[in-house]
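Structure record follows, encoded as structure tokens.
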Amino acid sequence: MRNIRFLFFLLLALSATLTAQYKNMYEIAGIRVVGNQSVDENSVILLSGLRVGQSLILPSETIGNAIKSLWKQNYFSDVKIEITEKIGQLVYLEIQVMERVRVSKFNITGVKSGDIKKLKEKISLKPGMQLSENLVYEATQRIQKYYEEKGYFNAQVQVRQQYDSVSGGLRLGLDINKGKRFKIQKIETYRDWE
């Protein structure tokens with residue numbers, strides 16, 4: 001008799017848990033993407049990992065994982081996913097993205113044309129690339145390393161960014177001041193014979 005009561009309460013608790021989960025279970029009925037300009041809407045949806053017809057428990061980690069997945073692509077400077085509408089157990093999602101700015105043109109000034117050609121190969125920055133702080137930092141570090149190898153240890157790189165109204169991107173300017181070259185004039189060694 002005790003076992004029957006125990007089983008009854010266990011089934012009752014399990015039933016309550018399943019009912020609560022079912023109330024929070026939804027099906028994705030539609031996904032819309034807003035803010036994308038160069039990345040295709042279907043690509044954004046595919047990269048998010050979400051799909052129409054997918055079951056979704058709210059709240060859950062599914063939405064957070066979709067946002068993380070889109071961030072990892074490094075295409076966007078901002079990502080949000082919102083529920084725009086709930087109809088019964090159906091939800092409609094809106095993925096809001098802000099694409100990173102693209103480089104429309106870039107130039108290097110302050111050094112000889114031979115150095116400019118070599119630097120363009122080293123920094124591998126091209127028009128059309130999405131601009132990020134990391135990309136600019138990497139380019140300045142490579143330029144400084146290039147000049148350190150030539151003996152210019154105080155080389156400085158100033159970055160200019162200007163909005164390009166024609167393409168909607170950014171014109172990137174890298175102004176280089178390589179400074180004075182360090183030379184070793186004389187090396188003296190002393191040896192104590194005592």
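The values are calculated or read from the model by the stated rules, or taken from the named source; none is laboratory data. These numbers were taken from a predicted model, which means no experiment stands behind them. Quick reminder, even Gly has a Cβ in these numbers, built from the backbone with ideal geometry, and neighbours come from all protein chains shown. These area figures cover heavy atoms from the full protein model, side chains too; ligands, DNA and RNA do not enter into them. Shrake-Rupley method; radii C 1.70, N 1.55, O 1.52, S 1.80 Å.
Couple of notes before you dig in:
- In Å, descending, principal axis extents of the Cα set of the chain: 100, 68, 19
- Accessible area of the chain divided out per residue, in Å², using a probe of 1.4 angstrom: 72
- In sequence order, segment 132-143 has phi-based couplings of 9, 4, 5, 5, 5, 4, 4, 5, 5, 5, 5, 5 Hz under the Karplus curve 6.51 cos²θ - 1.76 cosθ + 1.60, θ = phi - 60°, and Gly or Pro positions carry x.
- Distant-in-sequence amide H partners of Val101 (H built 1.01 Å from N, under 5 Å): Leu131
- For the pair Ser124 and Lys80, the difference between a 0.36 nm per residue extended length and the Cα-Cα distance amounts to 12.7 nm.
- Neighbours of Val97, meaning other residues whose beta-carbon lies under 9 angstrom from its beta-carbon, give a summed charge of -1 when Lys and Arg score +1 and Asp and Glu score -1.
- Scaling against 2.2 N^0.38 Å puts the C-alpha radius of gyration of segment 111-155 at 1.19.
- Accessible area of segment 28-151 belonging to carbon and sulfur atoms, whole % at 1.4 Å probe: 49
- Here the extension length gained between Glu99 and Gln54 equals 13.6 nm, from 0.36 nm per residue of separation less the Cα-Cα distance.
- Over 29 Å between alpha carbons, listed pairs Lys68/Lys145; Lys126/Lys150; Lys105/Lys178; Lys80/Lys118; Lys68/Lys120; Lys105/Lys150: Lys68/Lys145; Lys80/Lys118; Lys68/Lys120
- Beta bridges per DSSP with both ends in segment 31-109, % antiparallel, nearest 5: 70
- Axis angle, to the nearest 10 degrees, between helix 113-123 and the longest C-alpha principal axis of the chain: 30 degrees.
- The largest accessible area among Lys183, Lys120, Lys145, Lys178 belongs to the first residue in Lys183, Lys145, Lys120, Lys178, and the rest follow in falling order (1.4 Å probe, all chains).
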